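Bear in mind these aren't lab numbers, they're just calculated from the coordinates by the rules spelled out. As the structure is a prediction and not an experimental result, all values here were calculated from the model. Methodologically, a virtual Cβ is constructed for each residue, glycine included, from the backbone with ideal geometry; neighbour enumeration extends over all protein chains shown.
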Amino acid sequence: MHRFSVILLVALLFATGTPSLQAQQQKVLSPRDSVFFSLDTNRISVNYGRPSMRGRKIMGELVAWNQVWRTGANEATRLTTNFDMTTGGVPVPKGTFTLWTLPSPTGWMIILNKQTGQWGTKYDDKQDLARFDAKVEQLKTPVEMFTISLEGTGKTAGVLKLAWENTLVSTTFEKNDKIRPLSPNDSVETLLAGKKVAIKYSRPFMRGRKIWGVVVPMDSIWRTGANLATALVTDGDISIGETVVPRGSYTIYSLPTEKNYLLIISKKAGGSAAYDAKDDFARIGMKMEKSEHPIDQFRIWFESKNNNSALLRLGWDDRTYSVEVTAK
């Protein structure tokens, strides 16, 4: 009887432990994986979740058309490069980014985003670093498990490939030791009645992104450029629109809306201070016009009218804004 009890106890323990063992051994549906590639003396890597087809229709259904996709499963896909490079014709500085795609029946777009560490459903288009078109090919043999690969095409160049079902998406990348600044500094000036009026600012590029309403949100204060705030310095008294601005140093901000655009002149000097509404000197309306051709790099410039006046213009993407500046 004692021997029978021991056997029964062992059998019960084994039976109780079996479901737990099975759960541990159950295959993960979308395992995490990483791919690494050495380029010259540098390295690029991608970390992503790998879902499988499992009899499902992928393109156009599980991966919906015209919606941003996490490009994998679970956590957002991460791309890390320890060198500056150009990919899709866009400069990308070394660092870690999340990689997304925007698939459509007529073509795919690859998106690099500055936000990292988030779940794959937490996409914020305001943090896009760049968007660019990718090459799309149809595969004869279906790929069951979503696969990202990195392949060399030269000593300092390679190709990033995404493959699933019958679709292959790819884009080239190349080491770039002379990467252009993403938002280089610039300045413009004009003479009004012999007095200099100058603006110092940074010039961001579109990089495939939607500008108005996304990179530059509507109904929110914008620095009117990038990096440090934009500085205005005038050697003489001027009028901007109907507002008289005494000679001195100011900071320029903007408030774009769907219907108008306000140029904000702040009493803080030098363009280095954070915006504070208490420092507003004036808010001046600017006239909006549609640009015939997209303006890839944000631009501020003066168009001289005569010795005493000029048109101050701002332009980016498909819009330009203007206001007259006159010597007093």
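Per-residue extension of 0.36 nm, minus the Cα-Cα distance of LYS126 and LYS259, leaves a gain of 45.8 nm for this segment. Listed by chain and number, the aspartates and glutamates placed with their C-alpha closer than 14 angstrom to that of LYS267 are ASP276, ASP279, ASP280; residues fewer than eight positions away on the same chain are left out. Ordered by the count of other Cβ atoms within 10 Å of each Cβ, fewest first, ARG32, ARG223 give ARG32, ARG223. Counting every C-alpha pair in the range 29-175, the share spaced more than 25 angstrom apart comes to 22%. Fraction of C-alpha pairs exceeding 14 angstrom in the range 43-110: 65 percent, rounded to a whole number. A DSSP coil position with no more than 12 other Cβ atoms inside 10 Å describes none of the chymotrypsin sites (Phe, Trp or Tyr not before Pro) in the range 243-296.
With a Förster radius of 41 Å applied to the C-beta separation of SER34 and SER220, the computed FRET efficiency comes to 0.65. Taken along the Cα-to-beta-carbon direction at a fixed 7 Å, the label points for GLN115 and ASP318 span 2.5 nm. Of the residues LEU192, GLY248, LEU162, the one whose Cα sits farthest towards the positive end of the charge dipole of the chain is LEU162 (charges of +1 on Lys and Arg Cβ, -1 on Asp and Glu Cβ, taken about the Cα centre). Seen against the Cα atoms of the chain and their longest principal axis, helix 2-25 is set at about 30 degrees. Sequence neighbours fewer than 8 away in the same chain don't count; with that in mind, list the lysines whose C-alpha is under 20 Å from LYS114. Straight-line reach from LYS114, under 20 Å: LYS94, LYS122, LYS126, LYS175, LYS210. Relative to the compact-globule estimate of 2.2 N^0.38 Å, the Cα radius of gyration of the range 95-136 comes out at 1.17. Sorted into 20 angstrom bins from 0, the C-alpha pair distances of the chain split as 26, 40, 24, 7, 3, 0 percent. Taking each residue as 0.36 nm, the span from LYS155 to LYS278 lengthens on full extension beyond its C-alpha to C-alpha distance by 38.7 nm. What is the distance in Å between the Cα centres of the range 25-101 and the range 131-146? So the two Cα centres are separated by 13 Å.
Could you estimate the translational diffusion coefficient of the range 185-327 from the Stokes-Einstein equation, with Rh from the Kirkwood formula over C-alpha pairs, at 20 °C and 1.002 mPa s, in whole µm²/s?
My calculation gives 141 µm²/s for D.
Placing unit charges on each Cβ (+1 for Lys and Arg, -1 for Asp and Glu) gives the range 185-327 a dipole about its Cα centre, and among ILE284, TRP316, GLY236 the Cα reaching farthest toward its positive end belongs to TRP316. With the gyration tensor restricted to C-alpha atoms of the range 108-242, the semi-axes of the equivalent ellipsoid amount to 44, 18, 12 Å, longest first. The modelled label-to-label distance for the pair ARG43/GLU292, using points 7 Å beyond Cα in the direction of Cβ, is 5.2 nm.
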